[in-house]
Amino acid sequence: MNSLLSISVPIQNLLCFWAQLTCLGSIANEFLLWRQHRHRAFFLSSVCATLCFFIIHVCMEGTQLRVHGTTNGFAQKLLQWPFEVYVFCLLAVSTLCVISYRSVLLWGKTHVTSASIKESIDELPAGVCYYLEDNRCILSNHRMKNICLALLKEPLQNGAALYEASKSKPVFVLPDGTAVSFRHRMIPFDGVFLHELIADDVTLAYQKNEQLRVDNERARRLQEGIKAYGETIADTVREEEILQAKVNIHDGMNRMILATKKAMQESATDDERKGILQMWQGQALMLCKEADTQKSNHVVTDLNTLAQVIGIKLRWNSIPQTSDSAVLSLFLSATREAMINATKHAHATFLRIDVEESKNALRATFTNDGRKAVSPIQETGGLLNLRERLKKSGGHMQIQTEPEFKLMIQIPEGENHYGNECFNC
Amino acid sequence: MATNVLIVEDQEMPRQLFEIFVRSDPRFSLVASISNASLAIDFCRNGGIDLILMDVMTELGSSGLDAAEEIKKAYPEIKIIIVTSMPEDSWLDRARRIGVDSFWYKEAQKEPILTVMARTMSGEKIYPNATPLVQIGCTNNHDFTKRELDILRELISGDSNAEIGERLGIEASTVKYHVQNMLEKTGMHTRTELAAMARSLGIVIK
């Protein structure tokens with residue numbers, strides 16, 4: 001076998017260069033393995049690097065002996081070692097170096113490192129921040145740092161401060177127009193609790209929510225419009241119908257004028273003249289009565305008609321002036337009840353009605369000339385229903401039997417309620 | 001012997017016309033004419049009423065159909081003719097259900113009211129085949145289904161689909177579907193427009 005000194009200089013230099021390359025590779029592997037926290041592999045690479053360094057050193061000693069003719073005794077012994085031993089060692093170390101580098105690459109693909117975690121959370125659209133119990137922020141991404149700058153006007157250092165600020169509103173709109181919503185939770189980690197604060201990008205949901213809010217407001221206004229329309233439509237339709245009826249009357253009058261003109265020109269018979277006259281009378285009657293369309297007048301007229309039919313006379317000291325349908329409806333029911341009870345139980349011949357109206361309520365008192373009640377009035381049927389209806393509307397009813405029978409009611413107008421007000425106050 | 005007639009009509013013009021018609025025919029005698037349906041039962045209680053001409057929507061919101069139901073229960077021998085100008089579909093059904101004798105549309109029916117009154121008194125029940133045809137947008141009231149009319153009637157209240165659905169016992173999505181159908185049929189753009197138009201034409205009245 002040839003010793004290292006017996007081989008030619010170029011081959012020895014080539015061996016030295018090979019050892020240098022392998023040494024550099026092993027050092028690089030050491031660095032990568034250290035980052036991956038693989039201590040055994042790191043140690044092996046260190047051994048490889050040391051062995052390579054040793055071979056380089058022996059080669060350099062060989063060169064010194066060849067040039068200067070001197071070297072130390074230990075190096076001379078090493079230079080006597082067979083050349084193949086060095087080649088074999090370098091081959092083994094090189095193989096290990098390649099295997100080690102390949103394992104570094106594979107390990108990187110199959111394992112998550114802290115760097116890859118940082119890199120990945122920086123790519124997230126949401127802002128992420130983890131902080132400890134002492135409020136120290138241990139991990140956060142660029143997005144959360146920007147959000148913190150926008151909200152607190154300071155860099156993200158204190159996680160708790162950001163969390164406190166995030167609690168003030170459910171959604172924050174940032175200067176760039178994006179909207180974020182925060183959520184927080186505690187995570188047990190390595191024996192302690194870690195705070196996780198995430199700022200979700202809710203821009204789309206926020207925009208849709210805002211649009212929905214605007215739409216809902218519009219829908220609410222429309223619904224109120226429909227409700228108001230529903231409340232007034234009956235009167236509007238009635239007015240339209242009255243107008244239409246008036247138009248019909250005027251059309252009828254036009255036709256009658258034409259018919260009269262024709263009758264005058266063509267010497268109509270007596271029967272035809274009588275017919276035309278009757279038509280004129282009918283139209284004139286309707287025109288005379290059409291002015292009387294006030295609601296309260298209808299109520300008074302209806303009650304007078306009913307009184308006439310059931311045989312009692314109504315004496316109106318005053319009549320209601322309100323046009324509130326709800327008030328007039330209650331007044332009509334009360335008068336009807338008073339009228340029927342006066343004829344049925346007291347055999348009265350007249351009923352006096354006093355109406356007093358203030359800004360907020362209508363008060364009416366009914367008295368009759370019938371016989372006095374011998375026992376307290378039992379409220380059943382109509383009277384009981386009337387009391388209930390009045391109570392429901394915020395009004396009330398009072399019955400007095402001495403010195404004469406009196407039925408007194410109070411009906412609040414509009415949204416006013418005067419249920420606690422007494423008649424004598 | 002003349003038939004005693006009670007007229008219940010809140011509008012002055014038609015009331016006067018009915019009065020003139022009744023007075024002009026010796027077969028009928030006018031007992032009274034009033035504007036509020038809730039008082040009609042009191043006239044019947046006093047006796048002497050054979051026939052009532054009853055409007056549906058009367059003074060102070062009193063319903064002629066409610067009054068007719070009450071009268072028919074207490075005095076089934078009294079004949080009642082419902083007179084209205086509104087094409088509200090549900091009124092015809094309700095009138096039949098409560099035993100109203102005849103139903104007459106003020107403007108749409110060709111047969112004179114006096115003829116209808118006479119035929120009713122002779123025991124006939126006279127009902128129109130359908131409500132008057134009313135144009136609404138690109139369609140007419142006869143093109144709506146019963147369910148659509150039910151929803152349209154609730155729409156006027158201004159309530160949401162969910163509230164309407166709850167009242168009718170259907171899903172809010174079903175209400176939405178029917179409203180959309182009606183909008184397509186009429187060519188209207190909003191439910192407000194549809195509800196307002198349907199109510200003002202009297203197609204649905206709540």
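The values are calculated or read from the model by the stated rules, or taken from the named source; none is laboratory data. Quantities reported herein were computed from a predicted structural model and do not represent experimental measurements. Heads up, the Cβs are rebuilt from the backbone with ideal geometry, glycines too, and the neighbour counts pull from every protein chain shown. SASA here: full protein model, heavy atoms, side chains in, ligands and nucleic acids out. Shrake-Rupley method; radii C 1.70, N 1.55, O 1.52, S 1.80 Å.
A simple charge model with +1 on the Cβ of Lys and Arg, -1 on the Cβ of Asp and Glu and nothing else charged puts the dipole of chain A at about 740 debye relative to its Cα centre. When peptides A:24-36, A:217-229 are ranked by their average number of other Cβ atoms within 10 Å per residue, the highest-first order is A:24-36, A:217-229. Give me the tail of P(r) for segment A:124-201 as a percent: Cα-Cα pairs with distance above 14 Å. That fraction is 56 percent. In this structure segment A:69-173 gives 61 Å² per residue of accessible area when probed at 1.4 Å with all protein chains present.
Rounded to the nearest 20 debye, the dipole size of segment A:124-201 about its Cα centre is 160 debye, using +1 on the Cβ of Lys and Arg and -1 on the Cβ of Asp and Glu.
Debye-formula intensities of segment A:4-110, expressed as log10 I(q)/I(0) at q = 0.10, 0.13, 0.18, 0.23 Å⁻¹, are -0.33, -0.51, -0.81, -1.11 (one equal scatterer per alpha-carbon, no solvent). Each of the peptides A:115-121, A:395-401 was scored by the mean count of other Cβ atoms within 10 Å over its residues; in descending order, highest first, they stand as A:395-401, A:115-121. Cross-link partners of B:Lys79 among aspartates and glutamates, defined as those whose alpha carbon lies under 12 angstrom from its own and excluding same-chain residues fewer than eight positions apart: B:Asp50, B:Glu69, B:Asp101, B:Glu124. Apolar share of the accessible surface for segment B:56-206: 51 percent from carbon plus sulfur atoms, 1.4 Å probe. Partner lysines whose Cα lies under 19 Å from the Cα of A:Lys274, excluding those fewer than 8 positions away in the same chain, are identified as A:Lys261, A:Lys262.
Name the residues of segment B:20-44 whose accessible area falls by at least 30 Å² when all protein chains are present instead of the chain alone, probe 1.4 Å? Listed in order, they are B:Ile20, B:Ser35, B:Leu39, B:Asp42, B:Phe43. With the gyration tensor restricted to C-alpha atoms of segment A:114-250, the semi-axes of the equivalent ellipsoid amount to 59, 14, 12 Å, longest first. Of A:Lys109/A:Lys145; B:Lys72/B:Lys125; A:Lys344/A:Lys372; A:Lys227/A:Lys391, which pairs sit farther than 19 Å apart, going by alpha carbon to alpha carbon? Flagged as over cut-off: A:Lys109/A:Lys145; A:Lys227/A:Lys391. For segment B:3-121, the calculated P(r), taken from all Cα-Cα distances in 10 Å bins from zero up to the bin holding the longest distance, is 14, 53, 31, 1 percent. Quick check: convex hull of the Cα atoms in segment B:119-206, volume per residue, rounded to a whole Å³? Here the figure is 111 Å³ per residue. Note on the protein assembly as shown: dipole from Cβ charges, positive end direction compared against B:Gly187, A:Ile411, A:Asn72; the farthest Cα belongs to A:Asn72. The order of the peptides A:44-51, A:135-142, B:83-90, A:204-211 by mean Cβ neighbours within 10 Å, most packed first, is B:83-90, A:44-51, A:135-142, A:204-211.
Annotation: amide H of B:Ser29 within the under-5 Å range of B:Thr3, B:Asn4, B:Val5, sequence separation 5 or more or interchain, hydrogens built in the peptide plane.
The mean number of Cβ atoms from other chains found within 10 Å of a Cβ in peptide B:84-91 is 1, as a whole number. Once C-alpha pairs closer than 8 Å and six or more residues apart are averaged by separation and normalised to the residue number of segment A:295-412, the relative contact order reads 24 percent. Other protein chain C-beta atoms within 10 Å of residue C-beta, averaged over A:320-327: 1.
Ellipticity at 222 nm from helices only: DSSP H runs of n ≥ 4 in chain B, each -39500 (n - 2.57), divided by the residue count, give -13000 deg cm²/dmol.
Counting only protein heavy atoms and a 1.4 Å probe, chain B has 41 square angstrom of accessible area per residue. Round to a whole number: what % of the accessible area of segment A:268-413 belongs to carbon and sulfur, probe 1.4 Å? Carbon and sulfur: 51 percent of the exposed surface of segment A:268-413. Set Lys and Arg Cβ to +1 and Asp and Glu Cβ to -1, take the dipole of the protein assembly as shown about its Cα centre, and tell me which of A:His250, A:Phe83, B:Gly61 lies farthest positive. The listed residue farthest towards the positive side: A:Phe83. Farthest toward the positive end of the dipole of the protein assembly as shown, out of B:Ala2, A:Ala92, A:Leu156, is the Cα of A:Ala92, where the dipole comes from beta carbon charges about the Cα centre.
Based on DSSP H segments of at least four residues, each scored -39500 (n - 2.57), chain A has a per-residue ellipticity at 222 nm of -20500 deg cm²/dmol.
The magnitude of the dipole of segment A:45-204, with charges of +1 and -1 set on the Cβ of Lys/Arg and Asp/Glu and taken from the Cα centre, is near 220 debye.
The mean of 1/r over all pairs of different alpha-carbon atoms in chain B, once inverted, gives a Kirkwood hydrodynamic radius of 18.1 Å. Taking a straight Cα-Cα cut-off under 19 Å and skipping sequence neighbours fewer than 8 places away in the same chain, the aspartates and glutamates within cross-link reach of A:Lys153 are A:Glu164, A:Asp176. Measuring nothing but how far apart in sequence close Cα pairs (under 8 Å, 6+ apart) lie, relative to its length, segment A:124-201 scores a relative contact order of 33 percent. Using a 1.4 angstrom probe on protein heavy atoms only, the contact between B and A buries about 3300 square angstrom of accessible area, both sides summed. When the P(r) is computed for the protein assembly as shown, the part past 50 Å accounts for 49% of the Cα-Cα pairs. Taking every residue in A:297-307 and counting other chain Cβ atoms within 10 Å of its Cβ, the average works out to 5.
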